[in-house]
Amino acid sequence: MGQSLVQNYIHIVFSTKYRQSLIHPPVEQELHGCLGGICNRLEYQSIIVGGYTDHIHILCKLSKKIALMKLLEEVKSHSSKWIKTKGKSYENFYWQDGYGAFSVNPFEVDKVISYIANQKSHHEKKTFQDEHRAFLKKYQVEYDERYVWD
């Protein structure tokens, strides 16, 4: 086979440090654009970026060249530096260590897009912690409760 072909969808989730509610308009949409741009630059085709005041969701296609861990390092460090230029209220902005990354069936991509697009209404009923626990359960990920929310 003379070419490398990849079609893996990844749903990435991570939060602000201590799940602080820091992501609000007008910086919210700019941040989502920044995150999507970093993904695209690293050949992780961004499909949708969204989230709520304390966390981010990214749906993208897996790169055939760059490791997922490297993507997260770049996304978090560059976006954190960028948001700190947006005013005094962001000078102590940090992302929490760690992340969740889940494979998405190509036939469920539209469902994940809708889920990410509707984060505000979704989080009127469910906290980020409950949402993340549900993902871990759905994907059968073992975790230690003591360390998930640091």
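The values are calculated or read from the model by the stated rules, or taken from the named source; none is laboratory data. From a predicted model like this one, the values you see are computed outputs, not experimental measurements. When we count neighbours, we look across all protein chains shown, and the Cβ atoms used for this are built from the backbone with ideal geometry, even at glycine. Side chains are part of the model used for accessible areas, which takes the heavy atoms of the whole protein and leaves out ligands, DNA and RNA. Shrake-Rupley method; radii C 1.70, N 1.55, O 1.52, S 1.80 Å.
Here are a few things to note about the model shown:
- Any hit, the stretch 132-150, residues being assigned to a helix (DSSP H, G or I), open to solvent by less than 40 Å² (accessible area, probe 1.4 Å) and free of Cβ contacts under 8 Å to residues at least 60 places away in the same chain: yes
- Of all residues in the stretch 100-112, exactly one satisfies the criterion of being buried (at least 16 other Cβ atoms within 10 Å of the Cβ) and over 20 Å from residue 140 (Cβ atoms), namely 109.
- For residue 4, the stated conditions hold: it is out of contact with any Asp or Glu (no Cβ under 9 Å at 6 or more places or on another chain), within 26 Å of residue 65 (Cβ to Cβ) and either open to solvent by 70 Å² or more (accessible area, probe 1.4 Å) or modelled with pLDDT under 95 (or both).
- Count of the stretch 97-130 residues which are closer than 14 Å to residue 52 by Cβ, part of a loop (DSSP other than H, G, I, E, B) and over 15 Å from the mean Cα position of the chain (by Cα): 5
- Test: residue in the stretch 32-51 that is buried (at least 18 other Cβ atoms within 10 Å of the Cβ), more than 12 Å from the chain's Cα centre (by Cα), within 17 Å of residue 129 (Cα to Cα) and in contact (Cβ under 8 Å) with a residue 40 or more places away in the chain: no
- Within the stretch 77-92, the residues that satisfy the criterion of being closer than 20 Å to residue 38 by Cα and of a type in the set (Lys, Arg) are 81, 84, 86.
- Residues within the stretch 71-96 that are surrounded by fewer than 13 Cβ atoms within 10 Å (Cβ to Cβ) and not in a loop (DSSP other than H, G, I, E, B), tallied: 6
- Unmet criterion (only one of (1) more than 13 Å from the chain's Cα centre (by Cα); (2) within 22 Å of residue 31 (Cα to Cα); (3) at pLDDT 95 or above) for residue 92: (3)
- With respect to (1) under 23 Å from residue 136 (Cα atoms); (2) open to solvent by less than 80 Å² (accessible area, probe 1.4 Å); (3) assigned to a helix (DSSP H, G or I), the lone exception for residue 57 is condition (3).
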